[in-house]
Structures are given as C-alpha cells and as structure tokens.
Number of protein chains: 6
Amino acid sequence: MKLLLINPNISDSVSQLIADEARRSASPGTEIEVLTAPTGVAYIETRFEAMLGAHAAAQLAAQHHEGADAVIVAAFGDPGLMALREVLPCPATGLTEAALASACLLGQRFSIVAISQRIRAWYAETVQAYGLSSRLASIRGLDEPLDIGKVQDNQGERLVQLAERCVREDGADVIVLAGAPLAGLARSIQGRIPVPTVDGVSSAVRHAETLVKMKAGLARAGSFAPPPAKAHQGLTPEVAALLAKAQQGRGAAQ
Amino acid sequence: MKLLLINPNISDSVSQLIADEARRSASPGTEIEVLTAPTGVAYIETRFEAMLGAHAAAQLAAQHHEGADAVIVAAFGDPGLMALREVLPCPATGLTEAALASACLLGQRFSIVAISQRIRAWYAETVQAYGLSSRLASIRGLDEPLDIGKVQDNQGERLVQLAERCVREDGADVIVLAGAPLAGLARSIQGRIPVPTVDGVSSAVRHAETLVKMKAGLARAGSFAPPPAKAHQGLTPEVAALLAKAQQGRGAAQ
Amino acid sequence: MKLLLINPNISDSVSQLIADEARRSASPGTEIEVLTAPTGVAYIETRFEAMLGAHAAAQLAAQHHEGADAVIVAAFGDPGLMALREVLPCPATGLTEAALASACLLGQRFSIVAISQRIRAWYAETVQAYGLSSRLASIRGLDEPLDIGKVQDNQGERLVQLAERCVREDGADVIVLAGAPLAGLARSIQGRIPVPTVDGVSSAVRHAETLVKMKAGLARAGSFAPPPAKAHQGLTPEVAALLAKAQQGRGAAQ
Amino acid sequence: MKLLLINPNISDSVSQLIADEARRSASPGTEIEVLTAPTGVAYIETRFEAMLGAHAAAQLAAQHHEGADAVIVAAFGDPGLMALREVLPCPATGLTEAALASACLLGQRFSIVAISQRIRAWYAETVQAYGLSSRLASIRGLDEPLDIGKVQDNQGERLVQLAERCVREDGADVIVLAGAPLAGLARSIQGRIPVPTVDGVSSAVRHAETLVKMKAGLARAGSFAPPPAKAHQGLTPEVAALLAKAQQGRGAAQ
Amino acid sequence: MKLLLINPNISDSVSQLIADEARRSASPGTEIEVLTAPTGVAYIETRFEAMLGAHAAAQLAAQHHEGADAVIVAAFGDPGLMALREVLPCPATGLTEAALASACLLGQRFSIVAISQRIRAWYAETVQAYGLSSRLASIRGLDEPLDIGKVQDNQGERLVQLAERCVREDGADVIVLAGAPLAGLARSIQGRIPVPTVDGVSSAVRHAETLVKMKAGLARAGSFAPPPAKAHQGLTPEVAALLAKAQQGRGAAQ
Amino acid sequence: MKLLLINPNISDSVSQLIADEARRSASPGTEIEVLTAPTGVAYIETRFEAMLGAHAAAQLAAQHHEGADAVIVAAFGDPGLMALREVLPCPATGLTEAALASACLLGQRFSIVAISQRIRAWYAETVQAYGLSSRLASIRGLDEPLDIGKVQDNQGERLVQLAERCVREDGADVIVLAGAPLAGLARSIQGRIPVPTVDGVSSAVRHAETLVKMKAGLARAGSFAPPPAKAHQGLTPEVAALLAKAQQGRGAAQ
C-alpha cells in the first residue's frame, strides 16, 4: 500500500518531521511518500494561508496521485481535503479530521494544543465545520514566536504544561497535539500527559490504511460525487485530467 | 465610490448579468467594475470548484484591488471571501453573506432557491459556516440541466414555483434567489412571490456601499488581522505584495 | 426618503443622541424623524422594561408611520420589532438586528459592549432569538451606576478598555457598541479599537435605507403576513386601523 | 392557596374553558380565579397579537395579583411571562412553559397539536426561546378556519388524527394539545392517543401549586431580580406600584 | 397515593436523607417508600457507577413497583430512568429530570452545585441528554474529599459560597443543589442564596404526584412503548415478568 | 494482538456473523475472540434492552478482558462502552462509535440503515450523545418483523433500497449499515450503493487495531479516569477486581 502525504506548505523541515512520524506509524508494507508544496507559506495560521495551501495541495494531488492508495493532506486544518474527496480515485483524509476521529474514540471531550495564538480561530472553525464543537473542550496555543522546525525542542515543556491545563481547567478527556510541526511529539512525551494524547500524522496514516482496507467505495452520487461536467478553462493539465477522470470513471475506479 | 466585483468563474455571460444588476442597484456616484476569472469553471456547484474559484478570486483581487473602495466576491458560496478579508485594505463581502444579511433583516427564516440539485450541499455548508442554519427553512433547486446564461428565461416559472413551495411547505419568511446566474431575477418577478425576495448581487452592492460609508475600520488584531509575516515562496508578485502591504500597513490604511 | 426612528424609552437626551448619529449617518436626501415614548422607563435593561417598550413602540408606530418609508425601533434589544414587521406597510428594523447584520459582514465572531451588567442577560437572549449565539464571542458591561445621557463622556475610556478585553481575551473579530445611549461613540473613538467597531444607530439607518431601495416586498404569506382578521376590542384607534390596513391592503401597499 | 389565571385575550368563552379545566385539575383547597383581558384580540396567533397580550397580562397582573399565591399566564406562548417573573412577589408560570415541563417528564420528544397553521411559527419560536427545540418532534395545526369557543366540539376528531400523525410520522413520544381553546380536551379524549397527552391549563395549575409549596424563593439577584430603580413616566399606577414594590421589598416578600 | 423512591446506591444514610426530605415534601395522604440498592457503590460519580446503579434500580423496580403509583429514581443523573419509563405500569421520574423541570419554571439559566469535581462531567452529560445544555450556566463542585452522609453539615457553608459564585460569575438565575446527599439542604439554607434554589428530592416527589394526578397515559406507541416481545434468557424472574406485563398489558394498565 | 468482541445479547447466530466479519476484517496476526452474553435479549432496540446489555457487557468484560489488547462492545448503540472506558486497562470501542468515525472520514453527512422502525429512536439518541447529530442525514429502518439471524438474506434488497433513498432523498454522503445482525452486508453488496458504505464490525476491528498501535495512553485524570475508590458491596468478584485494578494501577498498566 502506498500513502501520499502532501505538505501544503513550503517547509522542508516540517516535511521531514511528517515523513519520520509517518514511517514510524505505518504498518509493515506501507510505503510513505511526502511532497512539499513548491509555492505557499511556511505554515498555515489563517484562512488566507489555508486558501493558498488548499490550492497547492490540489495541484500536487493532481500531479502525483497516480499509484497512491490514499492521499493525506498533511497540515492541521486540512486545507483542500473536502475538495479533493470529490475528485480523487482513492480515499483521502487530513491531519485534523484524522486526529479528531482518534480523539472521539478515546474520550468524550478533547482539547487542542497548538503552536500559536493566532492559529486558534482557524482551528476552531475547522472543528466547527466538522460538526464537533460540542466535543471541543478548549484550544490553547503557545504565546512566543516560534522557529517552526524546532518548536518541539524549544517549547516541549511549555506544550506539556498547556496540555495539563486543558485537562485540569477545561475538562479535556483527550489531548490533540495539533499541527504538522508537532508531528511525533505525542510519542516523545508519552506518559507525561495524564489523558490519551493524539498525534495528527500517525492518526492520518493509520486511518488512511483503514480506509484503503475497508473498500467502502467512492461516491458516485451525493455531495462527494465528482463535479458535473461543464466548461472550464485555464486549469493546469493535471487538474483538468483529474476532473475528467473523476467525471468519467469513478464507478470503474472503485 | 468604486466597487470591484469579482466573478470567480469564467462565464462572461454571467459577468454581464452581474454587472447589469449591480449597476441597477448601485447608488448614484458608485462605480461598478466586474472582473471575470481567466481560469476556472463555468459556475460553482461543489467544494472542488469553490476551491478553484477562491484561488482565482484571490489572484484577481490582488491584481486589481487598487483604487477599489470595497471588493465583492460575486458568486454564491463566497469562495475566498474570508481569506480576502484578512488581507485587503478595504471592506469585502460576497453574494451569500450579503443576501443572508438582507434576509435576516426581512424575516426570521429564509429559504434558498438554487439553480441545481447538486449545489444544495455546498450552499447548506456555506449557511452553516455563517452560523445561520437555525434560520434556514430549506434549499430547493432546479432538476433539469441548465444553460447557465439563460436560466432566468428558460426556468423562470419553475423558479417561482419552487419559491412558492418554500413558503407554503417549508415555512420560509423570505426567499433568497441564489447564484450569480439569477442576478436580477428578484427584480423581474417582483410581486409574484408572496414574501420578501432577495437578490445576492443587489444585496452585496448595497451592503458594500454601507460598509464603505460606515468606516468601521479594519482588523489589526483578532482572527481577521493580516497573517503574521513569515517565509513564503512562489506566490505571484501581486499576492506577495498584497500580503506584505497588509502586514505592514493596515493601521495606516484605515 | 423618510426614516422614522422610535425611541421606546422616555429619555429625551438619548433621543437627541439617536437623532444626531442618525443624521450623521444618513444618505443625502434621507429625512430623519425621531420620536420619544411618552410612557415607559429611562432605558431598557430587563424583560419587563422591554415589554413596556415594545408596547409603546407599537403605539407610536401606529400613530406616526404614515409617510415613513421605513421604521426603526431605536433601542438595543429591538422591543416590538418582530410584531411591527407583521403589520407595518413598510420595512422595519432595530438597533440590534442592524448592528448584528453589520457585524456579520465584518468578521466571524463579535462581542457586545454594554452600559451595565444587568443588561447582559437581555442582550444574550436577543442574540439567541436571532439565531446568532454561535457568533457571539462575549458580552461585557460597565460596572458602575450610570447617568444615561452622559455615559459616553463619563465612561468612554472604560468602554474602550472593555472592547480591548473582548478582542484579547474573548476572541472577538468585531465590536458592537450596544445601546442607544452609546449612539455615535464608534465614530468618536474611531481607530482606538483594533477591530471593526459597529454602532447600532448608524447600522440601522443605513440598512433601513437599503431595505427601502431593495423593494424586496412585504409578506403576504408566511409568519410575517398580517395577523388574520378576528374579533378585537379596546385597542387604540390607531392600532386597530393599522391592523385593518395590514389585513386588507398589504398587497396593494407594496 | 389561590391561583390567579390571566387570559390575555378577550374571549370569555375561552376563559370559561380555562376556568373549568383549572378547577378540575386543582388540588382540594386551591382557589381558582380567572381574568379576561379587557383589551386585545380573540386569540393569539402572531407576534403582534402576543405583544398586545403581554401588555394586557401585565396590566391585569399588576391590578389583581394581591392575594394570589401564584400567577398563570393562560395562553399558549406565555405572553408576558418572563417580564412578570421579574416583578411579581410570587411564582408565575404559563401554559406553554408548564406543558413543556410536563412533556419533558413523560418522554424524550414531544409534538404540539395546535388550532391553526398560522400559529405554528409563533409556537416554534416559543419552544426555541425555552431552549427545547431539540426535543420538539413537530408542530401540526388545523387547516380550516375556526370558531374559537367550539373548536373542541367541531374539530375534535381532526385533532386526534393530527396527534396520531405526530406519533406515527414525526416520532413524538408525547403530545401537547396547545392553546387555551383546547383546555380540557386531553381529559375528554383520554386513551385515544397512544402516547401520554398533555394539557396546558392542568399542567400550569399543578406546576403552580408545586412552585408555591416548594418555596424556592424569588430572585434578588441574576436576570430575574427586579429591574433596577430608574426614572419612568406614564405607567399606570398599578404597574408603577408593582415595580416599586419589587424593587424595595422582594427580599421581605419571600 | 404511594411513591416508590429507589436509591440506586448502597448508602443507608443517604436513603434516610432522601426519606426525610420526601416526607417533608409530600402532600397529605402521599405514602413514601424508600429502597436502598443491595448492590453497588456508595454514591455515583462516573458512567461506570451509573451503569451499576441503573441495573440495580431496574431490579428493585421490577421487584417492588407493585402498588406504587409512581416510581422515582433517587439519584442525580437518573440512572435507569429512561429504561424504566418503557416498562413500568406507572409514571416514573428522577432527581435530575425533576430538578431541571423545577429550575426551568423558575428562571432561564440554572447552575448545578455538586458534591465533587469528578461528578461534573457525568452531570453535564445528563443535562445534555435532556437537551438543556443551552440553559445550563455552570456546574460547580466541592474540592475536598467527603463523608457522604455528613456533607451538608461539614460543607454547608462552602456549598452556599459555590452557589453565590454561580449567580455572580456564571449568570445563574436558579441554583440546583444536586445529588441525593444534599437532599433537604435547599430547605435548611432557605433565603441565603439570592436566587430560587431547587432540591432534587422534593422536586421529584411533587412532580411525581402531579404525573399521577394528570393521568396523561402511558406510551403504547413511540419510543417509550414497551420493548417488542422477543427471545430472552437469564433475566431475573421479576424483570422477565415486568417485560411481559408491559408487552401484554400497558393499554389495560392505564 | 488480541481483540475481545462482546456481543451484549444472547443470539449465537449474531455472534457468528460478528466473528466472521471480524476475522475477514482483521489484520494478519490479530486474534479475534467473540463472547455472547449469557443473559439478556435477542437484540437491542430500546433503552431498557440497552441497559440490560450494558450490564451484561460489563460483567463479560470484567471476567474476560485479561489478555485482550482492546475490547469491542459488539452491538450498535454501544451499550456500556463509556462505562468500560473508565475501568479497562486497554482501549475500548463499539460498533456505533467506530462506524461513525469511519463515516466521518468518508463524507460530511451520513445516514443509518437499521433493522427495525423501533430501533430508530435509540440510534438517534446514540448519535446525539456522540455530538454528531448535525452530520446525521437520516435513519431509515425495515418495516417488517424480522428473523434476526437471516435478515441479510431475507431483506437484503429492501436494505439496499433504503440506502438508495437515504442518498437520493435525505442527502446522505455515506451509508452506515447498522446493527450486528447486518455485519458483513456492506461487503456483500459492495458497489450497489452509490456512496461509501460502512459496516460496524469491520470499523470497530480496524479502529481497535489502530488504538492499540497508537499507544495514546489511558486516562489517569479527567472524566475517564477510574472511579474514585469508595465503599461498595454486592458486586461480582470480577467487577470488584476490575474496579480495584483500575484505581490502583492504571498508570502502571499503560
């Protein structure tokens, strides 16, 4: 099985963190490929940045999905995921969606620990779009400016403290360590947080494996069926091809 | 005052409908400029198409916002609007947001009449993202395939019937005629629907005028402040310049 | 165009604040008339006071709506607005409804800054009745007893501080300065609050102008159609006439 | 114990139905007094009518509450109830609030069977204001025009059929027969509806008795404390006296 | 009339508190019987303990309901109540359900004061299952370890302080003193809390009396009809008999 | 890895369906053990039956969890799952929770196809308890009485038709085939339903495997920490031992 992870941002150092945790998490025989967006920003904290990331993720998916058994949007907030689910010939998931699925299997209310204050509104809107606000206990974020590739090393203690406050003050049953820059942190601080602690990358890898094995089928009807055929212009050849393939062949692709 | 309307789709015929209704609605002295996306699809019905439209709208806004007093994303679903609100030096709104604001000033529960069945899920998610699901009575859409530039002529009677069913069966207090291809229809069928009837383009034009005149200020803090400065690469010069201008100058721009 | 603003309270000093801000906000050619309730209380903080204000507003509207193109209930909480929308031959809005519409066009989550602690529950219930609780970040109010006509002068600094806390601590994207006694404050403190700041009176004036120009029509069906004809007794002649006119003539009145 | 029931409408025939069912429901030793509003409409179906009824109920309560151990607003929709709870020196309830409390003790989801189509929106908003929309299965109403004093006789079979549809099609666990004109119907059709069936008048009488006996106390703080003392003018002497008594004496009145 | 109260826990001292308050609250002529679970834990704070209590309550109800006019599950959280409502030949209620019904008749938002921190999540889930989360202001609990039979004596002052904080800081209109170990406390601290204060046992006793007198009927259809007849094995004879009686005779039992 | 599946009902034929699908779904090296409740009913449709099933599941889990790496409550509705999560020394999940997690990874709104009409209320309450009602498109169930072990054979066509109606009429993006008696049906009708289709047993097996491999940790704090130590009596030795072990050793057990 081959999983394609798409980092919709330009940070190679984060892609390396993603790849490392993905390989640690994957089942034997699962191949991991990680792509880094050639255009965009260092990491996503806002809706504008997410819009850029969504577009970049779609371009990469269109170019590279061939041969992948599932695609993972490897940024918290899942930019572009819902769009890709309409057109890809295989299952797709994202770090937030997958982490929340894990959290919901481990407790009733979860908190998200994040890398900045600014990112909190964007995460809250993501949780709301997934209909899970009633299970969100809180979102807490780091205050200090950050070096995105080293945030685990520089701020690990602070992140553990934030998680403890989520449990003690906000009533969290589960902690989600959010954002690709924190990939692998749950593993390295194992046992220090007194409730189950979830990592986005490993959740996405494992749930993607499950989706592949479940063979639940792709949507030929409903709101995730491929977009109806219609005039278009100026799309990259890969995006145009992806659209055409989805419109013509999804039934056969299953 | 100059309003910049961005059709995030490639249909010149729809841009003409938008421009016509915008000019009929605007106050004396308001200049209307309508842009058509050079890349994308004919009209948006799905999340993938909305993702393409959002990116195209952002590119156009970055290139052409200079001199505009407000920007309008001229497609129902408002692709890219929340992103643009973080970076533009002027107010921004969109057809859905503006139409729902009008509807909320005219009654308690509104229905949306739309151009296709498929588009309904995307509209429902847009309404939910705006937190207004409890005021949504129903979304009804046309069944038959459509010629996007002529839908008002070909299906006008059917649209009126759908609106009447929304009132009689779904409890709608207000009807929203949704989608840029229906721009101006509310005006031409005036008096035939027994509840207040709202058009997206005229709502957006009038609310944009209001936002300009209100001088409420732009966000220098909170979740609509400009994205924090950080590394980026491969952005178009216009998008990069827009980001930089927002980060440096929003205070001064007010 | 003539707008009739009804202060459902007895405070002439507040009516003056309302009139001043309404005239500053109105478009050229818009005539502003402000009425003060002859019976009632100084300002509304509770449900009982709102009930008194709603009845007074209805009496004034019945007596004086002739010649008005739109009616504005000029107190936060909009006492009587939904009732008047069923019977008036023209559009109607209120300070809260209009301010929330403005806020929703400027950001995702808004906070309300209010003139007292006691008033907070009444405002929260008003926001909930409009289905907008999910977009309400917080309501903060002044602690000290107040001189209603001079609260802007005496407590302006404190109100700015409350607004800043709403942004910093509660995640507000927009501030609504609530209550007719604060009419015009947004204008005088412009630029001091780091997010868009909304005033109820100017919002109501501008949105009322828009409703007049939109010609969306009045409800002949649905829950805002006039009350069905039935026996009544003891109503003031003006209220009885308003009811009768609505029942007979709403179609023609459009 | 003496219970004061206030019919906020002018229909003596309905007051008689209320009084009959109240006396059948009351415990031995409970005295029932029923007042009919001298001004207003025959029965409430809309927000405007409810506003009139609320004001009439408040006037009657101010004039006649002396000597009552509890006050009941005897119309579905509870016009004025929340306002009166702030100022009366005794517990107060209303037909809807009480019927919903009964329904919630008998099952998880309830439907409301009502006397007209038009009334449905007003009832839905009342249920929503009580925060109980998630337990509302449906509201069904009679189609035909009605003779308010004889609706039980003329339309009894039709009402039973509507209730059966609520159970079979809408998933209702409990039926609420709504509106003072249906007072006593639950008793007369006992056993014909296959789920527990609730009457507003008997619910209000019994819950009022309970509130009197519970001696839970009146609010001296929070949002149901009496309105703060402030200038007023033009109130009827009885309303002014009620306000003054509440402001001065609620602690002592307990 | 005879009311059967079932303490689903093993604490005789708490059963005594329940019996004392039940007898103080009951109407003349109402007989009170209190049973203590022979198996289970001292008091319920968690879902696992509630599951044990639900099963114990069902066994006791099956064995002892004969002759009772109504059954009360006498622990906060109402373990087993919804299950018993499907099978008992008489009305059933529980401390939480009854206390919340009382609270909803006394104000808009209520807070719960509880005997421990741990119990808060279980109470919050109970309120949510009743669809009343929007009326819940807060849940506050004691910090210190407790002697369950003496918590009123040892911690009475602390409980009053918690209630005052609920009013002042959380916006509570009503206080619910939660948990059978606090039975009677509302009575003994009467007047010390500045808002109406509700006790679960007295609420349940009075509402049970009302349910008996209302004769609203039992469900023969809908989700509280008896479970459909089907194979079973290993049930205690009393539970098997209760199921069989419900399936065969509910109509006749009314 | 060993997974313990507990059928909380007495139907051996259903246990066989569960075991077959579990073994088809499990990864190589995963051992499957299925237990059937010695006491209870044939299958769960109501709250009373779920209460019996929860207790039976807890007894079985207490007796047999030793050596299991994860425990699965193998009935839709997950009776006892939240309770077991507080006390077991390993992860636990259930058919509903797991199926909904799968559904949420495959689309935005899901419908549940179930084996009877009666079961619908119980399933709706389960979805609501998980906070996922906003993603539930509908629940449709079979009308005819059923032979629980042969429902797939006898009613397979009817179940496919119900699923198609969920897609076409209710807007479902994903179908959940609900209830252990339908275990394996998704596999056998693969490709006949035009949207992704989810099975509870295979979802639970795969998600349980993921939970084991994730090593997210068990709760030592928060609402899923073990119940506080306190007096108990009459518990089975296995339940008492499970409680004691959880209270003493959860930290060490991780």
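The values are calculated or read from the model by the stated rules, or taken from the named source; none is laboratory data. Bear in mind that the values here come from a model prediction, so they are computed numbers and not experimental data. Cβ coordinates were reconstructed from backbone atoms using ideal geometry, including for glycine residues, and neighbour counts include every protein chain displayed. These area figures cover heavy atoms from the full protein model, side chains too; ligands, DNA and RNA do not enter into them. Shrake-Rupley method; radii C 1.70, N 1.55, O 1.52, S 1.80 Å.
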message: at pLDDT below 95 and closer than 15 Å to E:V198 by Cα: is that true of E:F76 in this structure?
response: yes
- request: Determine which single condition A:V127 fails, assuming it passes every other condition in (1) at pLDDT 90 or above; (2) within 14 Å of chain B (Cβ to nearest Cβ); (3) touching a Pro at 6+ places or on another chain (Cβ under 9 Å); (4) in a helix (DSSP H, G or I).
  value: (3)
task: Hey, can you tell me all the residues within the stretch B:189-227 that are in contact with a Pro (Cβ under 8 Å, 6 or more places away or on another chain), at the interface with another protein chain (Cβ under 7 Å from one of its Cβ atoms) and part of a helix (DSSP H, G or I)?
output: B:L211
message: Can you say whether A:I18 is outside any helix (DSSP H, G or I), out of contact with any Cys (no Cβ under 9 Å at 6 or more places or on another chain) and of a type in the set (A, V, I, L, M, F, W, C), as far as the supplied structure shows?
response: no
- request: Looking only at the stretch E:6-15, count how many residues are part of a strand (DSSP E or B) and open to solvent by 20 Å² or more (accessible area, probe 1.4 Å).
  value: 0
task: Take F:L162 and decide whether it is within 30 Å of A:R165 (Cα to Cα) and touching a residue at least 12 places away in the same chain (Cβ under 8 Å).
output: no
- line: In the stretch B:114-147, anything within 19 Å of B:A186 (Cα to Cα), touching a residue at least 40 places away in the same chain (Cβ under 8 Å) and open to solvent by 20 Å² or more (accessible area, probe 1.4 Å) is listed as none
- prompt: Out of (1) in contact (Cβ under 8 Å) with a residue 60 or more places away in the chain; (2) of a type in the set (V, I, T); (3) in contact with a helix residue (DSSP H, G or I) (Cβ under 9 Å, 6 or more places away or on another chain), what's the single condition that is false for D:V212?
  reply: (3)
query: Assuming E:R220 fulfils every condition listed in (1) farther than 30 Å from D:G191 by Cα; (2) open to solvent by 60 Å² or more (accessible area, probe 1.4 Å) apart from one, which condition is it?
result: (1)
field: Breaking point among (1) outside any loop (DSSP other than H, G, I, E, B); (2) open to solvent by 30 Å² or more (accessible area, probe 1.4 Å); (3) among the basic types (K, R), for A:K230
entry: (1)
- line: Filtering the stretch B:201-217 for residues that are open to solvent by 30 Å² or more (accessible area, probe 1.4 Å) and at positive phi leaves a count of 1
task: Identify the single condition in (1) open to solvent by 10 Å² or more (accessible area, probe 1.4 Å); (2) touching a strand residue (DSSP E or B) at 6+ places or on another chain (Cβ under 9 Å) that A:S188 does not satisfy, given that it satisfies every other one.
output: (2)
message: Considering only residues that are in a helix (DSSP H, G or I) and either within 12 Å of chain F (Cβ to nearest Cβ) or touching a residue at least 40 places away in the same chain (Cβ under 8 Å) (or both), which ones fall in the stretch A:166-187?
response: A:C166, A:V167, A:R168, A:E169, A:D170, A:A180, A:P181, A:L182, A:A186, A:R187
- request: Determine if the stretch D:226-246 includes at least one residue that is among the hydroxyl-bearing types (S, T, Y), under 28 Å from E:C166 (Cβ atoms) and at pLDDT 95 or above.
  value: no
- request: Specify the residue that is nearest to A:E209 (Cα to Cα); the eligible residues are those in the stretch A:76-124 that are under 12 Å from the mean Cα position of the chain (by Cα), within 12 Å of chain B (Cβ to nearest Cβ) and not in a helix (DSSP H, G or I).
  value: A:A92
query: Pick from the stretch E:51-64 the residues that are out of contact with any Leu (no Cβ under 9 Å at 6 or more places or on another chain) and either buried (at least 24 other Cβ atoms within 10 Å of the Cβ) or within 7 Å of chain F (Cβ to nearest Cβ) (or both): which of them is farthest from E:K150 (Cα to Cα)?
result: E:A56
task: Quickly run through the stretch F:24-43 and pick out the residues that are in a loop (DSSP other than H, G, I, E, B) and open to solvent by less than 10 Å² (accessible area, probe 1.4 Å).
output: F:A37
field: Breaking point among (1) closer than 15 Å to B:F110 by Cβ; (2) part of a helix (DSSP H, G or I); (3) open to solvent by 10 Å² or more (accessible area, probe 1.4 Å), for B:D153
entry: (1)
